[in-house]
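Down below is the structure, laid out as structure tokens.
Please treat every number below as a calculation from the coordinates, not as lab data. Remember, it's a predicted structure, so these values are computed and weren't measured experimentally. Here the Cβ is made from the backbone with ideal geometry for all residues, glycine too, and neighbour counts use every protein chain on show.
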């Protein structure tokens, strides 16, 4: 079969790869679309925190495909068979049904990215109706979904923060009440606080680094800050006084750590919202043979969900 194969750590290339064969508790899925995420880049480069996978292997952690006549979303396919191929090997009990009205690419975008946004707000921060939410990296796919999810969950005000003017304009279309350019204000904490009308109850942070520090300084008393990435750096400097004085709750998030039933329910809620037109995503479909170009597009900071179509 054709697949995006990693022969040496780095960027995969389209090549032939052996067909998957299902063992006990496994099934072969015919892939319709596979998502590209920062985690895929880390895994293929051999710098994922969980370790280097043995070579060679097929890239891709998520996808949508046909399984026993049904369209399903799947993640964490069984190695060495990743999702960026004509077929992948999965645990059928861990797949999620996709509503008929949700397109393949949209269903992929609501997987890793969608769950990161939704679970950060619900399972981790336990967002309450009327609270004010700050979304960092709001122009990215996780951020775009988080803006919409916060509104669906009843947030009173949502502030979108990012560097891209075009990306921030998109967040306003998606329901953000205010935006902040992360690279413009001399006093970023003040700008964030003013945009939030002096109240920040929940922060969703895929960036860390300086934006995280600014969010800590802008957050209100008792705010919950959910940290789920390091797009702006692996380290951040914050003061003990800011954390203690405002009784901040700083928590990490990983989709992998969420209980299976929590993830299943969250994916169902996201796809229901998409099916009803309450949540939209921008998808950039590319052919499997364009896998190297897809890597470049992600590195350039695409505001669309990149999906590879076999």
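Sort 78-89, 228-239, 120-131 for me by packing, meaning the mean count of neighbouring Cβ atoms within 10 Å per residue, highest on top. Intermediate values should be presented prior to the final figure.
On the way: 78-89: 23.5, 228-239: 14.8, 120-131: 18.5.
Ranking the peptides 78-89, 228-239, 120-131 by packing returns 78-89, 120-131, 228-239.
Give the relative contact order (percent, whole number) for the chain; include only Cα pairs under 8 Å separated by 6+ residues. Working shown, then result.
Working: 720 pairs, mean separation 57.1, N = 310.
Once normalised by length, the contact order is 18 percent.
Could you tell me whether the stretch 153-200 comes out rounded, prolate or oblate from its Cα gyration tensor? Rule is a ≥ b ≥ c as square roots of the eigenvalues, rounded for a/c under 1.5, then prolate if a/b exceeds b/c, otherwise oblate. Working shown, then result.
Working: a/c = 3.03, a/b = 1.10, b/c = 2.76.
It comes out oblate by the Cα gyration axes.
How do 7, 253, 303 rank when sorted from fewest to most other Cβ atoms within 10 Å of their own Cβ? Don't skip to the end; give the middle numbers.
On the way: 7 11, 253 23, 303 17.
Ranked by crowding around the Cβ, least crowded first: 7, 303, 253.
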**Message:** On C-alpha positions alone, give me the angle between the axis of helix 260-275 and the longest principal axis of the chain, in degrees, nearest 10.
**Reply:** 80 degrees
**Asked** From a point 7 Å beyond the Cα of residue 210 in the direction of its Cβ, which residues of the stretch 107-141 have a backbone N at a distance under 18 Å?
**Response** 136-139
**Message:** Tell me whether the stretch 1-121 comes out rounded, prolate or oblate; compute the Cα gyration tensor, take square roots of the eigenvalues as a ≥ b ≥ c, and use a/c under 1.5 as the rounded threshold.
**Reply:** oblate
**Message:** How would the stretch 114-256 be classified by its alpha-carbon gyration tensor: rounded, prolate or oblate, with rounded meaning a/c under 1.5 and the a/b versus b/c comparison settling the rest?
**Reply:** rounded
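Using a 10 Å cut-off on Cβ atoms, rank the peptides 41-50, 195-204 from the highest mean neighbour count down. Please list the in-between numbers first.
Working: 41-50: 14.7, 195-204: 22.3.
Highest to lowest by the protection proxy: 195-204, 41-50.
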**Request:** Grab the Cα-Cα distance for residue 7 and residue 300, subtract it from 0.36 nm times how many residues apart they are, and report the gain in nm with one decimal.
**Result:** 103.1 nm
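Pairs of Cα atoms under 8 Å, at least six residues apart: use those to get the relative contact order of the stretch 114-256, whole percent.
On the way: 327 pairs, mean separation 31.8, N = 143.
Taking the mean separation of contacting Cα pairs over the length of the stretch 114-256, I get 22 percent.
Quick one: of the DSSP bridges fully inside the chain, what percent are antiparallel, nearest 5? Show your work: numbers first, answer last.
Numbers: 25 of 50 bridges.
Of those bridges, close to 50 percent are antiparallel.
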**Label assignment, Rg and Dmax of the Cα atoms in Å derived from the structure, set (i) 25.7, 81; (ii) 35.2, 121; (iii) 19.4, 59** = (iii)
**Complete:** FRET efficiency for residue 26 and residue 275 from the Cβ-Cβ distance with R0 = 41 Å, rounded to 0.05, comes out at 0.90
